[in-house]
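Okay, structure first, notes after.
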Amino acid sequence: MRLIDGPLSLQLDLPTVIWEWYRDYRFTIPLSLGILGLVLLAFPVRARSGRGAAELTPRTPVSFSRGWWFVAPALILALVLIVSVTAGAASQPDPTTGRYTMYFVDLGGERGMGTSIYGWFNSLPCLILTGAMIVIAILDLFLIARPALDHNQERAVHTRTVRTRNVLLVGTGALLVHFGLILGSLAGTASVRSMFSTSEGGVTFWTTFAALEPALVGASRLAAVLGFALWVAVALSAIPSWRRAPATINS
């Protein structure tokens, strides 16, 4: 049984109950992991105190970031929203379950074909989780920037810059992996074919966006690889870097 479609295809024998759960909620897993990661990145939470160094410049949630750091997450978020709404609008209710997870094509002559699609049943919960992840990321940035700086301001600024970057990387990685799963699902939808026999011979039908299947597969793999790479980068940033301490030689 195929556990993951698209960029992370794995063949595993799983109980039917587990497979059905994964099939229904696989799109929410990257976002849930992103939320968990952002919650962990909020720590340690430092209370404000008067022992920090005085600073005249007011601090904001973006004080320890660079403007271009927000370009990638904003672009990926826009793509996720566009694809989610478009696929949701194209979905129709499953005749058996009533869930908006089906894509039907009317072929005329009382004929048609259908397959699964990333519809409203999947996209609405994911959009809610995406909104929650954005709120938590903003809260993280507030918690990182708000406390007063230590007396060693250079080290404090560096630490907060790394933490701010990690917040953005975790959120961006979650969006990328989620986006990769969406594109992989849409590639599967685009690949559906149907053939009917007529008096003139066999006739093959396909979806209106069948030509996008190779591009969707490639983009799905690329998004997943980049997303996991960002998560790995955050994990590696937690490894302390060893620096040689200057030695003092007494003559």
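Looking at the stretch 177-207, which of its residues are out of contact with any Phe, Trp or Tyr (no Cβ under 8 Å at 6 or more places or on another chain) and modelled with pLDDT of 80 or more?
Hits for the stretch 177-207 are F179, G180, L183, G184, A187, G188, S191.
Within the stretch 59-115, can you find the residues that are touching a residue at least 12 places away in the same chain (Cβ under 8 Å) and β-branched (V, I, T)?
T60, V62, I76, V80, V83, V85, T101, V105, T115
For the stretch 1-112, give me every one of the helices (runs of 4 or more DSSP H) that falls completely inside it and has 1 or more residues that are in contact with a Gly (Cβ under 6 Å, 6 or more places away or on another chain) and modelled with pLDDT under 95.
71-90
Return the residues of the stretch 89-130 that are touching an Asp or Glu at 6+ places or on another chain (Cβ under 7 Å), more than 17 Å from T28 (Cβ to Cβ) and surrounded by 15 or more Cβ atoms within 10 Å (Cβ to Cβ); say none if nothing qualifies.
If the condition is that a residue be touching an Asp or Glu at 6+ places or on another chain (Cβ under 7 Å), more than 17 Å from T28 (Cβ to Cβ) and surrounded by 15 or more Cβ atoms within 10 Å (Cβ to Cβ), then M102 is the only one that fits.
Find the residue count for the stretch 137-194, including only residues that are hydroxyl-bearing (S, T, Y), surrounded by 17 or more Cβ atoms within 10 Å (Cβ to Cβ) and out of contact with any strand residue (DSSP E or B) (no Cβ under 8 Å at 6 or more places or on another chain).
2
Within the stretch 139-157, is even one residue among the charged types (D, E, K, R) and modelled with pLDDT of 85 or more?
Yes, the conditions are met somewhere in the stretch 139-157.
The values are calculated or read from the model by the stated rules, or taken from the named source; none is laboratory data. Worth saying up front: this structure is predicted, and the values here are computed from it rather than measured. Every residue, glycine as well, gets a Cβ built from its backbone with ideal geometry; the counts of neighbours run over all protein chains shown.
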